[in-house]
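Notes follow once the structure below has been shown.
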Amino acid sequence: MNILIIDDEENIREIISDILTDENHTVFTAPDGPTGLEFFNKEKIDVCFLDVWMPKMGGIDVLKKIKEDNPDTDVVMISGHAKIDLAVSATKLGAFDFIEKPLTLEKIIGIVKTLENRRKSDPKAIKKTETARREIIGESEQMRAIKNLIDNSAKSDARILILGENGAGKELIALEIHDKSARRLKPFIGVNCAAIPENLIESELFGYVKGAFTGANSDRMGKFELADTGTLFLDEIGDMSLSTQAKVLRVLQEMKLTRIGSSEIRPIDVRIIAATNKDLKEEIKKGNFREDLYYRLNVIPITVPPLRERKDDIPLLLDYFLKSISTEKKITLKKLTGEAVDYLKNYYWPGNIRQLRNIVERLMVIIDGETIDLDDVKIHLDDKSAIKKDSPNNKYDDYNLNTAREEFEKDFIERKLRENNFNITQTAKSLGVYPSNLYSKINKLNIKIDEAKKK
């Protein structure tokens, strides 16, 4: 990493520089604030060690300037006369940490290793400036209730369980809670529990020491440690194996962990937000999810409605995506006709907000004119590459395997029910199952007969 040291004491600059150079970092030094700020015009600075008390320009003023012009730079404040109020002020202004002199080799290397792991090991280590570009769009009654829940839950460290379909915006809600909490200037680490192979999930979560297993060539922090003092987002928690659930439960109970291959117990300070698209109560009944872990996580439940249940928010989302995609992709801003908006508003949206954004981006890129009309929307929304409600090949593109299987099973049973005029006995016979089994499936998959008749 590129590291800048701004300190008026030459021996401090030399000590930190020698330590970090030996760790293979590129190091720049400056004796005062104005000289240090000049480096930002020439180099991309990843980390800055910044003294509080300096001539010409105080460290707090330098910090303000750095965070204003270079928000992605992590700033570590150093001082020989640290005061609590000063440390609090620096933290509020965006400093990553505040350390006291005399500095030790272990302290310097430890901080840099933490920052390096955040940058290299997990691209989801979200900073405040990155979350600021994200917005929760919607003024429907459901979304107003969720925004109120976000504001209230951000005030405490209570654990949160976010429930909702894929693409509905669960991670965005987790980010918003983190960004409004007292931990907002600390790491936000996201883990997709369904995407990590079973034989790797524990090393990813808890870390390991050198020699713990074949390929463990150096110590590595796990996601819990990377998120220390911040927030850990456990996405798709319903897909975690029972053995891993047991170990996560123990960490949550004790707020301590042990890296794989080590006997050292490490305390952690982490706020946990979990999310799933599964019915965890049903998973508990099936023996797939621990009841005790469920109650540990489900202190504040937040249920995110699918897009089709908050259609009045779709025009707002369309406007937001049109403008943001125009800015991000440097594409001329286009407008949707009223008919096009109405058509999109009444679409089923099985892929929820993620699918809506993808469609808007597709229309923005492909349509040549400045206006997107109904015919444009029909062609590109309903072509084979789009996710279409009645397309058996494409509907499930945004789902993981378990969700896709359940959705297919639900759609198949609903179709068979319609074909047999919702006669349970005849439908069960056509499916090759007993009527009692069919009733069980209907309850398990939450098939609403009255709603199915309207489709």
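The values are calculated or read from the model by the stated rules, or taken from the named source; none is laboratory data. As the structure is a prediction and not an experimental result, all values here were calculated from the model. Heads up, the Cβs are rebuilt from the backbone with ideal geometry, glycines too, and the neighbour counts pull from every protein chain shown.
Kindly indicate whether any position in the range 316-325 is of a type in the set (Ser, Thr, Tyr) and in contact (Cβ under 8 Å) with a residue 40 or more places away in the chain. First the steps, then the outcome.
Of the residues in the range 316-325, the ones of a type in the set (Ser, Thr, Tyr) are 320, 324.
From what's left, in contact (Cβ under 8 Å) with a residue 40 or more places away in the chain: 320.
Looking through the range 316-325, at least one residue is of a type in the set (Ser, Thr, Tyr) and in contact (Cβ under 8 Å) with a residue 40 or more places away in the chain.
Selection of first residues in the range 364-376 that are in the same structural domain as ILE325 (by TED's automatic domain parsing) and over 15 Å from LEU333 (Cβ atoms) and of second residues that are hydrophobic (A, V, I, L, M, F, W, C) and modelled with pLDDT of 90 or more, restricted to Cβ pairs under 6 Å at least 6 apart or on distinct chains, gives the following pairs, ordered by first then second residue: ASP373/ALA340; LEU374/ALA340; ASP376/ILE367.
Where in the range 10-109 are there helices (runs of 4 or more DSSP H), lying wholly inside it, with at least 3 residues that are touching a residue at least 40 places away in the same chain (Cβ under 8 Å)?
Working: elements: 10-22, 33-39, 59-69, 84-92.
In the range 10-109, 10-22 are the helices (runs of 4 or more DSSP H) which contain 3 or more residues that are touching a residue at least 40 places away in the same chain (Cβ under 8 Å).
Take the conditions (1) surrounded by 16 or more Cβ atoms within 10 Å (Cβ to Cβ); (2) among the β-branched types (Val, Ile, Thr); (3) under 19 Å from the mean Cα position of the chain (by Cα); VAL251 misses just one of them, which is (3).
Within the range 301-321, the set of residues being modelled with pLDDT of 95 or more, over 22 Å from LYS335 (Cα atoms) and surrounded by fewer than 17 Cβ atoms within 10 Å (Cβ to Cβ) comprises PRO301, THR303.
Counting only residues that are within 17 Å of ASP319 (Cβ to Cβ) and out of contact with any strand residue (DSSP E or B) (no Cβ under 7 Å at 6 or more places or on another chain), the range 330-345 holds 10 of them.
One line per residue, one yes/no per condition, for (1) within 19 Å of THR114 (Cα to Cα); (2) surrounded by 13 or more Cβ atoms within 10 Å (Cβ to Cβ):
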position: ASP7; (1), (2): no, yes
position: GLU14; (1), (2): no, yes
position: ALA30; (1), (2): no, yes
position: PHE40; (1), (2): no, yes
position: MET54; (1), (2): no, yes
position: MET57; (1), (2): no, yes
position: LYS67; (1), (2): no, yes
position: ASP72; (1), (2): yes, no
position: VAL76; (1), (2): yes, yes
